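The values are calculated or read from the model by the stated rules, or taken from the named source; none is laboratory data. In this text, all values refer to a predicted model and were calculated from it rather than measured experimentally. Here the Cβ is made from the backbone with ideal geometry for all residues, glycine too, and neighbour counts use every protein chain on show. Keep in mind that these areas ignore ligands, DNA and RNA; they rest on the heavy atoms of the full protein, side chains included. Shrake-Rupley method; radii C 1.70, N 1.55, O 1.52, S 1.80 Å.
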Amino acid sequence: MKVFLIRHGQASPADVDPEKGLSRDGRTEVGQLSNLLREEEVDRIFHSGKARAEQTAEILAEGLGLDSPMEKTGLMPNDDVMTIAGYLEFEEENVMLVGHLSFMDVLANVLLPGNDKDPFSIPTATAIILEKREGEWHLIALLSPNF
């Protein structure tokens, strides 16, 4: 089982878009990320419900040929990551979770214990791919069009 932790693409400033949806650059970088992920097997995509995460998830779903992404409770920026970490313990499909700065960083660090010397700081439109083997998470890849 794999989990893809995705930080949404670059958002528009609030004075341009009060909902802070994706900027033009954000849409471009998410499209590029989708190309980097096109060989990956993903069963479902979930997002936080905020415009920038939902738009990111939609671009990724289209690029991967998947059904429409779904909103999932527990992926908002200040939510407790342990709720999603608990959900992932029982998930058997490959899922993509699209969320926000610091939530995705904290979740990655919780799933990969012992990573406190080099904690994650996920840039926009970046994917951290983890695989669960024998009950433990392992880092498989970090993909970003920004590197």
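Overview of results
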| item | result |
| --- | --- |
| Exclusive hit being without any contact (Cβ under 8 Å) to a residue 12 or more places away in the chain and either on the phi < 0 side of the Ramachandran plot or among the charged types (D, E, K, R) (or both), set Val42, Val16, Val30 | Val16 |
| Positions within the stretch 101-139 being open to solvent by 40 Å² or more (accessible area, probe 1.4 Å), in contact with a Lys or Arg (Cβ under 7 Å, 6 or more places away or on another chain) and either at pLDDT below 90 or among the hydrophobic types (A, V, I, L, M, F, W, C) (or both), in sequence order | Leu101 |
| Test: residue in the stretch 33-42 that is small (Gly, Ala, Ser), open to solvent by less than 40 Å² (accessible area, probe 1.4 Å), over 24 Å from Gln10 (Cα atoms) and at pLDDT 95 or above | no |
| Val95 being of a type in the set (A, V, I, L, M, F, W, C), more than 14 Å from Arg7 (Cβ to Cβ), within 13 Å of the chain's Cα centre (by Cα) and modelled with pLDDT of 95 or more | yes |
| Among the residues listed as Arg24, Arg7, the single one being under 19 Å from Ile122 (Cα atoms), charged (D, E, K, R) and either surrounded by fewer than 19 Cβ atoms within 10 Å (Cβ to Cβ) or in contact with a strand residue (DSSP E or B) (Cβ under 8 Å, 6 or more places away or on another chain) (or both) | Arg7 |
| Failed criterion for Pro123 (all others in (1) closer than 17 Å to Glu40 by Cβ; (2) in contact (Cβ under 8 Å) with a residue 40 or more places away in the chain hold) | (1) |
| Residues of the stretch 84-100 satisfying the condition of being over 15 Å from His8 (Cα atoms), outside any strand (DSSP E or B), open to solvent by less than 70 Å² (accessible area, probe 1.4 Å) and not acidic (Asp, Glu) | Ile84, Ala85, Gly86, Tyr87, Leu88, Asn94 |
| Qualifying positions in the stretch 38-80 - in a strand (DSSP E or B) and of a type outside the set (Val, Ile, Thr) | Arg44, Phe46, His47, Met70, Glu71 |
| Residues of the stretch 51-76 satisfying the condition of being under 13 Å from the mean Cα position of the chain (by Cα) and closer than 15 Å to Gly9 by Cβ | Arg52, Ala53, Glu54, Gln55, Thr56, Ala57, Glu58, Ile59, Leu60, Ala61, Pro69 |
| Matching residues, the stretch 50-83, being closer than 14 Å to Ile6 by Cβ, open to solvent by less than 30 Å² (accessible area, probe 1.4 Å), among the hydrophobic types (A, V, I, L, M, F, W, C) and in contact with a helix residue (DSSP H, G or I) (Cβ under 8 Å, 6 or more places away or on another chain) | Leu60, Leu75 |
